[in-house]
Amino acid sequence: MEQRVLDTPAIRTAPPFPLPELYSRVERHVPRFEWPIMADDIAAILKLKRERNAVILAHNYQTPDIFHTVGDIVGDSLALAREAARTDADVIVLAGVHFMAETAKLLNPGKTVLIPDLEAGCSLAASITAADIRLMRARHPGVPIVTYVNTSAAVKAESDICCTSGNAKKIIEGLGVPKVIMLPDEYLARNIAAQTKVEIIAWTGHCEVHERFTPEDIRTLRETHPGITILAHPECPPEVVAECDFAGSTAAMADYVGQKRPARVVLLTECSMSDNVALQYPDLDFIRPCNLCPHMKRITLKNIRHALETMTHEVTIAPEIADRARQAVERMLAIG
Ligand code: 13P
Ligand code: SF4
């Protein structure tokens, strides 16, 4: 299994384009009869974005109607954090989940950050509290705490540094210590531990989407689709990662497909990601088992439009948490 850390910049899609051009991007996914309803929301969103000087950051797991039409910047959670730190827009709409919106707010305390649905959470973020982190620190005095960005701002505030799936190894090795605590994703921690000499103390959080993939899935895919290339997100169990051909962040998987052009490929991750990448590479054969992230799917064109119309839901973070959480995110961005 190959595993690389790729420095994958966010993709700037830079709308607005004329609606027919936007349709041409998604026509293999969106039936023509559904387009007029979507086009109405898309046109309203593009107009509101200009009026509000807003930017839409869209994660790779957003559905193609969002990802390929209204997202100004699309990418993995590392790229979205980096771009949030750079934007000169007044308003950021996060088409993703709540921890991503909080990260954008941490990096832009003076800007308005909106999330179209406040219930767009994450099973990893829900698996750990600030009190848990304090307990881990007391149990392992002097051991640095590396926190996955898929956590609340309150948890980040108790941490020394953040990481994403795209830079976890670099961050852990960059600390120059023999042992770290890495929270809360047990599988990401074990997958990174397999690649480094640094000892990693893990937590027991799991992603409800990626924990469902099994080594049997991989064997079945190889039997039924000879020659298939299997990519997996490192939130998958280590036994799955061990049998795949490449593991990396959502952006690293998309880059792999773009660079290697495997004739037949499967991405063991959230299924809208395959839809988005498949639209970009119509000549490749994507096998698409579908595990949906119910949190990511709470974001729709309709509620993005509503967010910009009503300027809700605004993400706020208490200052005593924000200052410490920001440091953990900024330390990560300084290393990589
Ligand atoms: P990435 O940082 O790879 O985009 O992953 C975010 C995520 O939530 C994966 O489930
Ligand atoms: Fe969280 Fe998993 Fe959904 Fe990613 S896919 S946002 S880790 S629940």
What is the total of Lys pairs in the chain with C-alpha atoms under 28 Å apart, excluding same-chain pairs fewer than 8 positions apart? 28
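Considering only DSSP beta bridges where both residues belong to the chain, give the percentage that are antiparallel (nearest 5). Don't skip to the answer; put the middle values down first.
Working: 3 of 37 bridges.
Of all bridge pairs located within the chain, approximately 10 percent are antiparallel.
So, counting K/R as plus one and D/E as minus one, what does the shell of residues with Cβ under 12 Å around ILE201 add up to?
On the way: positive: ARG137, ARG139, LYS179, ARG190; negative: GLU186, GLU199.
The answer is +2.
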Sites LEU118 and ASP88, calculated FRET efficiency, Cβ-Cβ separation with R0 25 Å, nearest 0.05: 0.45
Once you have the Cα-Cα distance between ASP285 and GLU51, take 0.36 nm times their residue separation minus that, and quote the gain in nm to one decimal. 80.2 nm
Can I get the semi-axes of the chain's equivalent ellipsoid? Compute them from the C-alpha gyration tensor as square roots of 5 times the eigenvalues, in angstrom, largest first. 31, 27, 15
Rg in Å to one decimal, and Dmax rounded to a whole Å, for segment 122-253 via C-alpha atoms: 15.4, 51
√(5λ) per eigenvalue of the Cα gyration tensor, segment 14-97, largest first, Å: 22, 15, 9
Pop out the ³J(HN,Hα) list for segment 102-108 in order, Karplus 6.51 cos²θ - 1.76 cosθ + 1.60 with θ = phi - 60°, rounded to Hz; leave Gly and Pro as x. 5, 4, 4, 5, 4, 7, 9
Compactness of segment 72-137 - radius of gyration and Dmax, Cα, Å: 13.2, 40
Could you tell me the center-to-center distance, by alpha carbons, between segment 209-246 and segment 41-109 in angstrom? 31
List the residues whose amide H sits under 5 Å from the amide H of TYR148, counting only those 5 or more places along or on another chain, with H placed 1.01 Å from N in the peptide plane. CYS163, LEU183, ASP185
For segment 52-122 the mean separation of alpha carbon contacts under 8 Å (6+ apart) over residue count, i.e. relative contact order in percent, is 31
Determine, for each peptide in 144-156, 307-319, the mean count of other beta carbons within 10 angstrom over its residues, then list the peptides with the highest first. 144-156, 307-319
How large is the Kirkwood hydrodynamic radius of segment 99-145, counting all unique pairs of alpha carbons, in Å? 13.0
Most mobile listed residue (LEU57, LEU183, LEU22) in the chain, GNM with C-alpha springs under 10 Å: LEU22
Residues listed by number, segment 200-218, amide nitrogen under 19 Å from GLU239 label point at 7 Å toward C-beta: 204-218
Under a no-solvent Debye model with one identical scatterer per Cα of segment 213-336, what's log10 I(q)/I(0) at q = 0.14, 0.18 Å⁻¹? -0.79, -1.00
Tally Lys/Arg at +1 and Asp/Glu at -1 over every other residue whose Cβ is under 12 Å from the Cβ of SER272; what's the total? -1
Would you work out the relative contact order for segment 188-336, in percent, from Cα pairs under 8 angstrom that are 6 or more residues apart? 18
Computed over segment 193-235, Kirkwood Rh from alpha-carbon pairs, angstrom: 12.9
Over all alpha-carbon pairs of segment 274-336, lay out the pair-distance distribution in 5 Å bins, whole %, shortest bin first. 3, 11, 11, 11, 12, 18, 17, 10, 4, 2, 0
With springs only between Cα atoms under 10 Å, which of PRO64, PRO226, PRO294 fluctuates most in a Gaussian network model of the chain? PRO226
Using a basic spin-label model with each label point 7 Å from the Cα along Cα→Cβ, how many nm lie between GLU320 and GLU21? 5.1
Of the convex hull drawn through the C-alpha atoms of segment 203-270, the volume per residue in Å³ is 80
Order the peptides 80-89, 239-248 from the highest to the lowest mean number of other Cβ atoms within 10 Å of their residues. 239-248, 80-89
Could you go through segment 125-140 in sequence order and give the Karplus-derived ³J(HN,Hα) for each residue, using 6.51 cos²θ - 1.76 cosθ + 1.60 with θ = phi - 60°, rounded to whole Hz, and x for Gly and Pro? 4, 7, 8, 8, 10, 4, 5, 4, 5, 4, 5, 4, 5, 5, 6, 10
Given a cut-off of under 8 Å on Cα pairs at least six residues apart, what relative contact order in percent is computed for the chain? 23
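Bear in mind that the values in this text are calculations on the coordinates, not laboratory data. The shown structure was predicted, so the numbers you read here are calculated from the model rather than taken from an experiment. With ideal geometry, Cβ positions are generated from the backbone for all residues, glycine too; neighbour counts draw on all protein chains shown.
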